[in-house]
Amino acid sequence: MANMLAALVCVFVVGHVTALTNEQVAKFQTTGDTESNTGLVGTVNITTEDDKHIIECNGIPDHETDTFPNPTNPHNIKAKNHHFEIPVTPTEAAEPGCLPMGPIGVLINGIPIYNPFTKAGNNAVEGEYAKVYDICDGHPNKRGSYHYHKSPSCVIARQNEVSPLIGVALDGYAIYGPVDENGNTLTTDDLDACHGRVVNGVYQYHATETYPYILGCFKGEVLPTSGLHDTTKQCFFASVTLSDDPSDPDSNAGTKPTPTCIVFSVTSIFLIISAVFN
């Protein structure tokens, strides 16, 4: 009985831990460098109201970029009014959530991250359907929104930490670089289907050089006001259990994976505890 109660308390604590510390929130800032195409400086601002972090940014990269438009990308980089709302205390979802097109998270420099897919569900980073990216692994889309589909090398390289925070997903869980707290470089094989792991009782995502690169699915619940695009259209799961290429007919990318965890609500925990002692 004591072991069961301890397990229930552990589940409750893990599910109600702040994913971003105050020190990490302070890391959301740009270098102040002027972007060469636009002549503008990137901005990012994060405030905390009640149970939400509100992130507002203009979408201008604060690092070197290629010249846009160019022969491989006809689009300009344009200033945006990005507005994202994420939970201060993430809640693990009953089932993993799919990744729609558009922003699924935002990096500390205010640039959104997208899923690793084309609209048709093919790998947008490697292979036959790969897009072309600039020297810092980003590019603008037809709306002028600069973003990343893969591990952002320039954002990671400028941080002098073993396992640097590089951003946050829209479900509130933090995103770290590919090196863990022990100095080991992680690969997709070291992570779960959503491309993350639990460290000191807190779930976190990792950017790696291997598919699905940043997120494979949402581990947590996303707020209705998050800024996430419509999940009823072109919403994908990046399962890596069968194939790294979602265009492969044997891959189950785009299908809902079987959950590998059980999530207890606060109400259900108290009901179980009551049942134990009765």
Diffing the range 21-34: the Karplus 3J(HN,Hα) column from phi (6.51, -1.76, 1.60, θ = phi - 60°), in whole Hz with x for Gly and Pro, holds 7, 4, 5, 6, 4, 5, 6, 6, 7, 9, 6, x, 6, 7
Candidate aspartates and glutamates for bridging to Lys52, where Cα separation is under 18 Å - those fewer than 8 sequence places away on the same chain excluded: Glu23, Glu85, Glu92, Asp171, Glu221
How many percent of the accessible area of the range 48-195 is carbon or sulfur, using a 1.4 Å probe? 46
Got a sec? Charge dipole of the range 151-238, +1 on Cβ for Lys and Arg, -1 for Asp and Glu; which of Thr208, Cys194, Pro224 is way out at the positive end? Pro224
Could you sort 219-225, 150-156 so that the peptide with the highest average Cβ count within 10 Å comes first and the rest follow in order? 150-156, 219-225
Under 14 Å by backbone N from the virtual spin label 7 Å along Cα-to-Cβ at Leu40, the residues of the range 124-162 are 140-141, 143-147
Additional length obtainable on full extension of the chain from Ile135 to Thr21, 0.36 nm per residue less Cα span: 38.0 nm
Which whole number in µm²/s is D for the range 70-171 by Stokes-Einstein, with the Kirkwood Rh taken over Cα pairs at 20 °C and 1.002 mPa s? 143
Return the ratio Rg/(2.2 N^0.38 Å) for the range 30-82, where Rg is computed over Cα atoms only. 1.37
Label Thr231 and Glu181 with points 7 Å out from Cα along Cα→Cβ: what is the distance between them in nm? 2.9
Anchor Lys150: lysines whose Cα lies under 19 Å away (excluding residues fewer than 8 positions away in-chain): Lys119, Lys131, Lys142, Lys219
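The values are calculated or read from the model by the stated rules, or taken from the named source; none is laboratory data. Note that the structure is predicted; figures quoted are calculated from it, not measured. Note that we place each Cβ from the backbone using ideal geometry, even for glycine, and neighbour counts take in every protein chain shown. When the accessible area is computed, the model is the full protein with side chains, heavy atoms only, and any ligands, DNA or RNA have been set aside. Shrake-Rupley method; radii C 1.70, N 1.55, O 1.52, S 1.80 Å.
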